[in-house]
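What follows is one structure encoded as structure tokens, with my remarks underneath.
Just so you know, all these numbers are worked out from the coordinates, no wet-lab data involved. In this text, all values refer to a predicted model and were calculated from it rather than measured experimentally. FYI the Cβ positions are ideal-geometry reconstructions off the backbone, even for glycines, and counts take in every protein chain you see.
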Amino acid sequence: MNQATIAPEDLPVFDTNLVTNSTAQLGGTAYLHCRVRNLNNRAVSWVRRRDWHILTSAMFTYTNDERFQVLHTEGSDDWTLQIKYVQKRDNGAYECQVSH
């Protein structure tokens, strides 16, 4: 049997000092921030919790709704979900996740 161990310093670390509640005006733009260190070869995804729809993963968008986009600068720990032209139906919880 093969076993692999991951050292704690190799695990991703979420910055818990970021604001977790965001407000945007109808028709405006919302920015949801996520900061993760030690990603290595992992990807950050944004998920809409209402329907568990994966909106983005890494720099790819997985929704036909073009109002959603991930903003990220190469080498940065910041992964921001941008929602343009905010509508009432955009209200709810969004989750930043890390996966392989």
* To do: Sort D90, D51 so the one with the fewest other Cβ atoms within 10 Å of its own Cβ comes first.
  => D51, D90
* Please return the longest stretch of the chain lacking exposed loop sites, where trypsin sites (Lys or Arg not before Pro) count only if DSSP places them in a loop and at most 16 other Cβ atoms lie within 10 Å. => 1-41
* When a footprinting reagent is the concern and you count Cβ atoms within 10 Å, what order do I54, I83 take, fewest first? -> I54, I83
